[in-house]
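Here is the structure we will look at, set down as structure tokens.
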Amino acid sequence: MNMRIDSSVQKFLEPYKDSMTVSMSTVLATLETDLDKQQPECTLGNFMADAVYTMAQKKYGITPDIAFINYGGIRLPSIKAGIITRGKIYELFPFDNILVLVKIKGNVLQQFLDHISNRGGWPVSGMTMQIQNQPGAPTGKKAVHILIGGSKIDMDKEYTIALGDYTANGGDDAFMLKGLPQINNGYLMRDALIDYTALVKKINVQLENRVSNVE
């Protein structure tokens with residue numbers, strides 16, 4: 001059945017359409033190298049994790065110990081060198097997830113790191129770790145050689161981590177995070193990526209062995 005669009009409605013919506021097109025076309029920064037999505041570490045993930053780490057500090061006034069990106073939430077396989085627009089960030093991360101801070105004890109953090117090890121490794125900022133196969137362990141893989149801010153993980157210490165509320169509330173089977181104390185001011189993860197990109201202006205990301213596999 002053909003439906004005729006009311007010309008008055010179309011005329012009313014036109015300015016909003018034009019405004020959205022302009023907004024999505026806004027150039028935020030220049031990317032000097034290609035960014036790719038890979039595991040256990042990738043340049044695209046490092047860029048996103050650094051954005052969350054930096055903007056968490058700016059928007060909450062608290063410096064997190066670690067920032068995490070759920071690998072499954074990265075929705076582009078790569079971004080080619082050149083300009084990055086607001087629309088490209090929406091393609092990269094289309095979700096309305098909120099950037100939250102979570103207070104977590106070292107022993108529970110170890111569980112979370114073991115969990116993401118079994119997911120193949122997620123993007124991180126503020127720490128390094130290695131993923132080791134442990135066939136006898138309940139999970140099969142374990143996070144080892146963990147350094148947070150250059151220091152070995154302390155199982156009794158309380159850390160502050162920055163990540164999306166989806167994961168913080170137990171999404172992607174991160175059940176060990178559910179119910180932990182959160183700080184939430186409604187700031188979107190996607191806005192963190194946009195604001196960071198516009199802040200940096202020129203983006204050059206390298207692999208840094210933040211997450212690696214070890215025998």
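The values are calculated or read from the model by the stated rules, or taken from the named source; none is laboratory data. Since the structure is predicted, the reported quantities are computational estimates derived from the model, not experimental observations. Glycine gets a Cβ as well: all are built from the backbone with ideal geometry, and neighbour counts include every protein chain shown. Note: accessible area is taken over every heavy atom of the protein model, side chains too, but ligands, DNA and RNA are not part of it. Shrake-Rupley method; radii C 1.70, N 1.55, O 1.52, S 1.80 Å.
Among the conditions (1) surrounded by 20 or more Cβ atoms within 10 Å (Cβ to Cβ); (2) more than 15 Å from the chain's Cα centre (by Cα), the only one that D154 does not satisfy is (1).
Has segment 73-90 got at least one residue that is within 12 Å of Y166 (Cα to Cα) and in contact with a helix residue (DSSP H, G or I) (Cβ under 9 Å, 6 or more places away or on another chain)? Please lay out each step first, then the result.
Kept after step one, since they are within 12 Å of Y166 (Cα to Cα), are these residues of segment 73-90: 73.
Remaining after also requiring in contact with a helix residue (DSSP H, G or I) (Cβ under 9 Å, 6 or more places away or on another chain): 73.
Taking every residue of segment 73-90 in turn, at least one turns out to be within 12 Å of Y166 (Cα to Cα) and in contact with a helix residue (DSSP H, G or I) (Cβ under 9 Å, 6 or more places away or on another chain).
Within segment 39-57, the set of residues being touching a helix residue (DSSP H, G or I) at 6+ places or on another chain (Cβ under 8 Å) and open to solvent by 30 Å² or more (accessible area, probe 1.4 Å) comprises Q39, D50, T54. Has segment 156-174 got at least one residue that is touching a strand residue (DSSP E or B) at 6+ places or on another chain (Cβ under 6 Å), of a type in the set (A, V, I, L, M) and more than 30 Å from E32 (Cα to Cα)? Yes, the conditions are met somewhere in segment 156-174. If you go through segment 34-75 and keep only what is assigned to a strand (DSSP E or B) and without any contact (Cβ under 8 Å) to a residue 60 or more places away in the chain, you end up with just D36. Considering E14, E32, the condition of being of a type in the set (D, E, K, R), surrounded by fewer than 20 Cβ atoms within 10 Å (Cβ to Cβ) and modelled with pLDDT of 90 or more is satisfied by E32 alone.
Take segment 76-124 and flag every residue that is in a helix (DSSP H, G or I) and either at positive phi or of a type in the set (A, V, I, L, M, F, W, C) (or both). Break it down into steps so the answer makes sense when it comes.
Our first condition is that a residue be in a helix (DSSP H, G or I); within segment 76-124, this holds for 86-92, 106-118.
Matches in segment 76-124: I89, L92, V108, L109, F112, L113, I116.
Across segment 128-147, the number of residues qualifying as open to solvent by less than 80 Å² (accessible area, probe 1.4 Å), out of contact with any Gly (no Cβ under 7 Å at 6 or more places or on another chain) and within 22 Å of N70 (Cα to Cα) comes to 12.
Taken together, the residues in segment 131-161 that are assigned to a loop (DSSP other than H, G, I, E, B), over 28 Å from F93 (Cα atoms) and in contact (Cβ under 8 Å) with a residue 40 or more places away in the chain amount to 5. Applying a threshold of 7 Å to beta carbon distances and a minimum spacing of six or more residues, or different chains, the list of pairs starting in segment 76-103 at a residue that is open to solvent by less than 30 Å² (accessible area, probe 1.4 Å) and ending at one that is of a type in the set (F, W, Y) reads L99/Y187; L101/Y60. Among the residues of segment 162-215, those identified as open to solvent by 70 Å² or more (accessible area, probe 1.4 Å) and without any contact (Cβ under 8 Å) to a residue 60 or more places away in the chain are N169, D173, F175, K178, G179.
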